[in-house]
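Data first, discussion second: the structure below is written as structure tokens.
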Amino acid sequence: MMATTHALAGLLVGATASALTGDAAPLVLAAGAFGGLFPDLDLYAGHRKTLHFPVYGSLAALLGVGAYALLGTTLALAAAVFLLAAALHAASDALGGGLELRPWEGTSERAVYDHYRGRWWRPRRLIRYDGAPEDALVGLVLAVPGYLVTAGTFRSLVVAAAVVSVGYAAARKPMVALAERLVAATPDEIIEHVPDRFVGDMR
């Protein structure tokens with residue numbers, strides 16, 4: 001799924017936690033959104049493996065919830081929300097497509113890495129690939145409660161995420177065709193510094 005979809009899901013985690021605890025601090029919402037986005041910071045270094053922890057992340061989230069139950073502080077709630085959103089991101093990536101250059105072709109069996117078992121979870125393809133029309137739809141659905149529970153800068157960011165989601169979905173397949181032309185015209189000494197998953201079999 002798109003990073004924006006994950007961020008909006010994380011924001012919803014933060015909003016739900018705020019509603020359940022009565023602690024509506026902006027920090028909690030920010031922690032949810034950033035937690036939802038955080039695993040994708042490994043995009044250029046072992047994507048869906050380096051910062052994606054579907055099992056260990058879930059255990060960390062449970063510990064975070066336990067810490068909040070003991071401490072009851074806004075900071076502890078924000079930490080728990082961050083961990084919950086990050087774990088949700090990692091686990092839900094298995095619902096999407098694989099890591100191939102053209103994920104709509106369904107040739108990869110690698111969705112997200114399970115460090116606990118030392119193997120990859122296979123893609124379920126309920127959302128066929130990141131940037132698929134259904135991915136944009138999920139993002140838009142998640143943006144509705146995000147918009148309703150926020151104001152000011154947060155609300156503007158929700159709208160921006162929704163716009164980016166739709167734009168990326170519209171450009172997803174043409175981007176690959178453009179990338180193929182760019183790669184063909186780029187010297188080898190530059191291409192060797194680009195991660196293999198972005199180059200694939202284009203050279």
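The values are calculated or read from the model by the stated rules, or taken from the named source; none is laboratory data. On a predicted model such as this, the values are computed, not experimentally measured, just so you know. Here the Cβ is made from the backbone with ideal geometry for all residues, glycine too, and neighbour counts use every protein chain on show.
Can you tell me which residue within the range 148-172, out of those that are touching a helix residue (DSSP H, G or I) at 6+ places or on another chain (Cβ under 7 Å) and farther than 23 Å from ALA19 by Cβ, is surrounded by the most Cβ atoms within 10 Å (Cβ to Cβ)? The selected residue is SER165. Restricting the range 16-42 to residues that are touching a Leu at 6+ places or on another chain (Cβ under 9 Å) and assigned to a loop (DSSP other than H, G, I, E, B) leaves a set whose member that is surrounded by the most Cβ atoms within 10 Å (Cβ to Cβ) is ASP23.
So, THR73, is that one hydroxyl-bearing (Ser, Thr, Tyr) and in contact with an Asp or Glu (Cβ under 7 Å, 6 or more places away or on another chain) or not? Criteria not met by THR73. For the residues THR5, THR50, THR107, THR74, the requirement of being crowded, with 21+ Cβ neighbours inside 10 Å and either polar (S, T, N, Q) or touching a Cys at 6+ places or on another chain (Cβ under 6 Å) (or both) singles out THR5. Taking the range 100-125 as the range and being in a strand (DSSP E or B) and within 11 Å of HIS52 (Cβ to Cβ) as the test, the residues that pass are VAL112, TYR113, ASP114, TRP120, TRP121.
Under the condition of being crowded, with 22+ Cβ neighbours inside 10 Å, under 18 Å from PRO39 (Cα atoms) and of a type outside the set (D, E, K, R), the residues counted in the range 114-147 number 4. In the range 58-67 there is at least one residue that is surrounded by fewer than 24 Cβ atoms within 10 Å (Cβ to Cβ), of a type in the set (Val, Ile, Thr), part of a helix (DSSP H, G or I) and out of contact with any strand residue (DSSP E or B) (no Cβ under 6 Å at 6 or more places or on another chain). Please go through the range 72-110 and pick out each residue that is at positive phi and at pLDDT 95 or above. Result: GLY72, single match.
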